[in-house]
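Inspection log for the structure reproduced underneath, given as structure tokens.
What follows is calculated from the coordinates using simple rules that are stated; it is not laboratory data. Quick caveat, the model's predicted, so the values are computed rather than measured. Because the Cβ atoms are built from the backbone with ideal geometry, glycine has one as well, and the counts that use them run over all protein chains shown.
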């Protein structure tokens, strides 16, 4: 594998440096807002919800960690079909 050198480390670092905006999950953004390093965009603006799929081979061999992740993900409301299997 060839070593790579990313052009930008992360959009978070650039936004904190005042070089633009960052699209962050709430749990991460709140840390920066509380530290007064970032300010939220005006109320009412957000990106459209993302669709996430989980494709599993068999529930029989599922680890406890994966089961907990799936249960947690199902607890969040979806744009359509909340709680679908």
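With N set to the number of residues, divide the alpha-carbon radius of gyration of region 11-75 by 2.2 N^0.38 Å and report two decimals.
Working: Rg = 16.9 Å, N = 65, 2.2 N^0.38 = 10.7 Å.
Against the empirical 2.2 N^0.38 Å value, I get 1.57 for region 11-75.
At a 10 Å Cβ-Cβ cut-off, how would you order 69, 76, 27, fewest neighbours first?
27, 76, 69
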